[in-house]
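K.L.:
If you scroll down you'll find the structure; I have some questions about it.
The values are calculated or read from the model by the stated rules, or taken from the named source; none is laboratory data. What you are looking at is a predicted structure, and each value in this text was computed from that prediction instead of being measured. Cβ placement follows ideal geometry from the backbone for every residue including glycine, while neighbour counts extend to all protein chains displayed.
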C-alpha cells in the first residue's frame, strides 16, 4: 500500500446550492439535478471556477441497495434557489485532505480514517466531503455524459475528513 499523502486544510465558510438524490445510484441523480439547475443560472460558463462537493446522505444501510447522495455547488450570496434546490451555509473548518481517483475512492477514504486514528487529531463534527476536481470529464456544454468505468481513472477528488486538534 502506498503511503497516503494528507494535507491539513482550513476550508472557509461557503454558501452552497444543494441537490439530493436517492436510490441505487444517487450520485448521478444528485449531479444531474445540480448541473441542470446551475446551467439554467449560467453558473457553468466557467467550469474551472466552479467548486463541487458531495457526500452520502443518508449513508448506505446493510441489506438495502438504496442510499442518498447530496451534491453541492458553491454559489454567491445573490444567487437565488428554487424547486428541488436548497441554499445552505457551510461553516467551514479544519480538514485532513487526500486526493484520489473515482477508481480508488473507497480505499482512500479508509486510509484517510486510519491516518486520522494514528494522528494527533480527533475526528471532527463537520460533514466530511468529496470535492470533484475534474468535472469537465463528464459535464459538457450539452449536459452530463453518462459516467462509466472508462472515466474512473480520470475523475479526481479531494476527500475532506473533518478533524479537530
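K.L.:
I'd like to know if region 116-123 contains one or more residues that are part of a helix (DSSP H, G or I) and either without any contact (Cβ under 8 Å) to a residue 12 or more places away in the chain or under 13 Å from the mean Cα position of the chain (by Cα) (or both).
P.N.:
So in region 116-123, the residues part of a helix (DSSP H, G or I) come out as 116-117.
Subset that is either without any contact (Cβ under 8 Å) to a residue 12 or more places away in the chain or under 13 Å from the mean Cα position of the chain (by Cα) (or both): 117.
Yes, region 116-123 has at least one match.
K.L.:
Sort through 47, 20 and tell me the only one that's within 17 Å of residue 147 (Cβ to Cβ), surrounded by fewer than 19 Cβ atoms within 10 Å (Cβ to Cβ) and in contact with a strand residue (DSSP E or B) (Cβ under 8 Å, 6 or more places away or on another chain). Break it down into steps so the answer makes sense when it comes.
P.N.:
On the way: 20 fails: within 17 Å of residue 147 (Cβ to Cβ).
Result: 47 is the single residue among 47, 20 that is within 17 Å of residue 147 (Cβ to Cβ), surrounded by fewer than 19 Cβ atoms within 10 Å (Cβ to Cβ) and in contact with a strand residue (DSSP E or B) (Cβ under 8 Å, 6 or more places away or on another chain).
K.L.:
Additional query: Conditions first: (1) outside any helix (DSSP H, G or I); (2) touching a strand residue (DSSP E or B) at 6+ places or on another chain (Cβ under 9 Å); (3) loosely packed, with under 13 Cβ neighbours inside 10 Å; (4) at pLDDT 95 or above. Residue 153 passes all but one, so which condition is the exception?
P.N.:
(4)
K.L.:
Regarding region 101-115, can at least one residue be identified that is in a strand (DSSP E or B), in contact with a helix residue (DSSP H, G or I) (Cβ under 6 Å, 6 or more places away or on another chain) and modelled with pLDDT of 95 or more? Quick ask: steps written out before the conclusion?
P.N.:
Taking region 101-115 first, the residues in a strand (DSSP E or B) are 101.
Pick out the ones that are also in contact with a helix residue (DSSP H, G or I) (Cβ under 6 Å, 6 or more places away or on another chain) and you get none.
No; the residues of region 101-115 include none that is in a strand (DSSP E or B), in contact with a helix residue (DSSP H, G or I) (Cβ under 6 Å, 6 or more places away or on another chain) and modelled with pLDDT of 95 or more.
K.L.:
Given the options 77, 62, 146, name the one that is at pLDDT 95 or above, over 16 Å from the mean Cα position of the chain (by Cα) and loosely packed, with under 13 Cβ neighbours inside 10 Å.
P.N.:
Numbers: 62 fails: at pLDDT 95 or above; 146 fails: at pLDDT 95 or above.
On inspection, the qualifying residue turns out to be 77.
K.L.:
Same structure, new question: In region 7-60, what residues are touching a residue at least 60 places away in the same chain (Cβ under 8 Å) and assigned to a loop (DSSP other than H, G, I, E, B)?
P.N.:
12, 13, 44, 50, 51
K.L.:
Now for a separate question. Given the options 164, 84, 142, 89, name the one that is in contact with a strand residue (DSSP E or B) (Cβ under 7 Å, 6 or more places away or on another chain) and under 15 Å from residue 38 (Cα atoms). Break it down into steps so the answer makes sense when it comes.
P.N.:
Numbers: 164 fails: under 15 Å from residue 38 (Cα atoms); 142 fails: in contact with a strand residue (DSSP E or B) (Cβ under 7 Å, 6 or more places away or on another chain); 89 fails: under 15 Å from residue 38 (Cα atoms).
Result of the check over 164, 84, 142, 89: 84.
K.L.:
While we're here: Within region 124-143, which residues are surrounded by 14 or more Cβ atoms within 10 Å (Cβ to Cβ), more than 12 Å from the chain's Cα centre (by Cα) and within 17 Å of residue 54 (Cα to Cα)?
P.N.:
Residues of region 124-143 surrounded by 14 or more Cβ atoms within 10 Å (Cβ to Cβ): 124, 126-135, 137-139.
Then drop every residue that is not more than 12 Å from the chain's Cα centre (by Cα), which leaves 124, 126, 137-139.
Within region 124-143, 126, 137, 138, 139 qualify.
K.L.:
Is there a residue being under 20 Å from residue 7 (Cβ atoms), exposed (fewer than 13 other Cβ atoms within 10 Å of the Cβ) and in contact with a strand residue (DSSP E or B) (Cβ under 8 Å, 6 or more places away or on another chain) anywhere in region 98-105? Full working, then the answer.
P.N.:
Initial filter on region 98-105 (under 20 Å from residue 7 (Cβ atoms)): 98-102, 104-105.
Remaining after also requiring exposed (fewer than 13 other Cβ atoms within 10 Å of the Cβ): none.
Checking region 98-105: not a single residue is under 20 Å from residue 7 (Cβ atoms), exposed (fewer than 13 other Cβ atoms within 10 Å of the Cβ) and in contact with a strand residue (DSSP E or B) (Cβ under 8 Å, 6 or more places away or on another chain).
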